[in-house]
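Below is one structure, written out as structure tokens; comments come after it.
Every number here is computed from the coordinates shown, using simple stated rules; none is lab data. Given the structure is predicted, the values throughout are model-derived calculations rather than measurements. Glycine gets a Cβ as well: all are built from the backbone with ideal geometry, and neighbour counts include every protein chain shown.
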Amino acid sequence: MITKEFKTAVTLPSNEGLKKATEWLTQGEVVGIPTETVYGLAANAYDPAAIQKIFRAKGRPQDNPLIVHIAQIEQMSELVTELPETALLLAEAFWPGPLTMILPKAERVPLQTTGGLETVAIRIPSHPVAKELIARCGFPLAAPSANLSGSPSPTSADHVFQDMRGRIPLILDGGICSVGVESTVISVHPDAVRILRPGGVTAEMLAQVVATVELDKGVLAMVSQDAVVSSPGMKYKHYSPKANVILLDGALPDFVDYVSRHAAPNTYALVFAGEEEALSIPALVYGKEADPRTQAQGLFAALRELDQRGAETVYTRCPQKDGVGLAVYNRLIRAAGFQVISLSR
Ligand code: TXA
Ligand code: MG
């Protein structure tokens, strides 16, 4: 049941704002917080009752585990039973930043936090507000993305307010998220890592530190509802605007051609900067073609905007599938329910 129990405040992360957030979190409540990837819905990772409130506010399935956010590498040892050398090397290379590592969980991490799994997902965010808040709280913060389950992740405090109004007491406004898509999630093995969700720390970057970097098949393909998956988040429909998103994989002239043949009311194009003019239907831009980092920054805001405009069908330009482009592609194929049309001449 959806309860509107709070008058949700949106506050700047001043000393006063951070104090208020720390108070709510210490009392076992949920606070919307900025990170460099997307906004998170944070609560005390050690408090099962507080964790329950996250699941309730999001409407999230109970078996989908949360990421635990810490402020310092040393805090890892209280969360895990094993700390492989590879994990430490990766932590030193990429933390604070958009990398989440899955490791065997320590007893004190409640099963509510890990969705019943014996592993725990951990990261150190680089956003100064997130880091400061975790340090003030003194306990790690479990935080999924701060959207309603199934809708695009929030990259501004306003997005969080749209989804969480009445459901949580406070949102800290730390500005627009600089990465824009959620962190890279990896499982860590001796001398190898497996990417379960691509993000701002790319396969190419990981390969500089670890000998073997594998891509889980769930990154690029659909996973059936009853499948046993390495990361439960893979099997849920994600990032979906209300509109029917369709990815068109091919060159711009073919895209323009396809779209003009399929023009209809409430049909939009989601394209790269500078391409709007070429199209016969209304278009929104999500980034620059040659710069996947800008696509990551713009994607979720564009998907939300399309919903606000009442878009019913959205033909989308396909990003490149390497570097950060892989993260953008991974989110888009989910938003599209895996509808990818290959355009060829
Ligand atoms: O950038 C991010 O990661 C953001 C910010 C707030 O830190 N958080 C985020 O959380 O995206 P969430 O809950 O929306 O996504 C977490 C993903 C899910 O796909 C979940 O299934 C996976 O990580 N995950 C968490 N713990 C796991 C575990 N123990 N084993 C496998 N997958 C896990
Ligand atoms: Mg999420």
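When both bridge partners sit in the range 115-228, DSSP labels roughly 55% of those beta bridges antiparallel.
Which of the aspartates and glutamates could a cross-linker bridge to K242, judged by Cα under 17 Å and excluding same-chain residues fewer than eight apart? Partners found: D163, E305, D307, E312. Residues F300, F6, F338, arranged from fewest to most other Cβ atoms within 10 angstrom of their Cβ, appear as F338, F6, F300. Rounded if a/c is under 1.5, else prolate if a/b beats b/c, else oblate: with a ≥ b ≥ c from the C-alpha gyration tensor eigenvalues square-rooted, which is the range 94-142? Verdict is oblate for the range 94-142. From least to most packed, judged by other beta carbons within 10 angstrom and beginning with the fewest, L248, L343, L41 follow the order L343, L248, L41. With both residues required to sit in the range 252-345, DSSP beta bridges show an antiparallel share near 10%. Estimated from helices alone, the mean residue ellipticity of the chain at 222 nm is -8000 deg cm²/dmol (sum of -39500 (n - 2.57) over DSSP H runs with n ≥ 4, per residue). Cα centroid separation, the range 92-171 to the range 77-91: 18 Å. Highest mean packing comes first when the peptides 275-281, 93-99 are listed by Cβ atoms within 10 Å, giving 93-99, 275-281. Could you check what % of the DSSP bridge pairs in the chain are antiparallel, to the nearest 5? Among the beta bridges of the chain, antiparallel pairing accounts for roughly 35 percent. In the chain, a dipole from Cβ-located charges (positive for Lys and Arg, negative for Asp and Glu) runs towards its positive end, and of T11, V324, S230 it is T11 whose Cα lies farthest in that direction.
Packing order of peptides 65-72, 202-209, highest average first: 65-72, 202-209 (average count of other Cβ atoms within 10 Å over each peptide's residues). Would you mind classifying the range 150-234 by shape? Square roots of the alpha carbon gyration tensor eigenvalues, ordered a ≥ b ≥ c; an a/c under 1.5 is rounded, otherwise it is prolate if a/b is larger than b/c and oblate if not. The shape class here is oblate.
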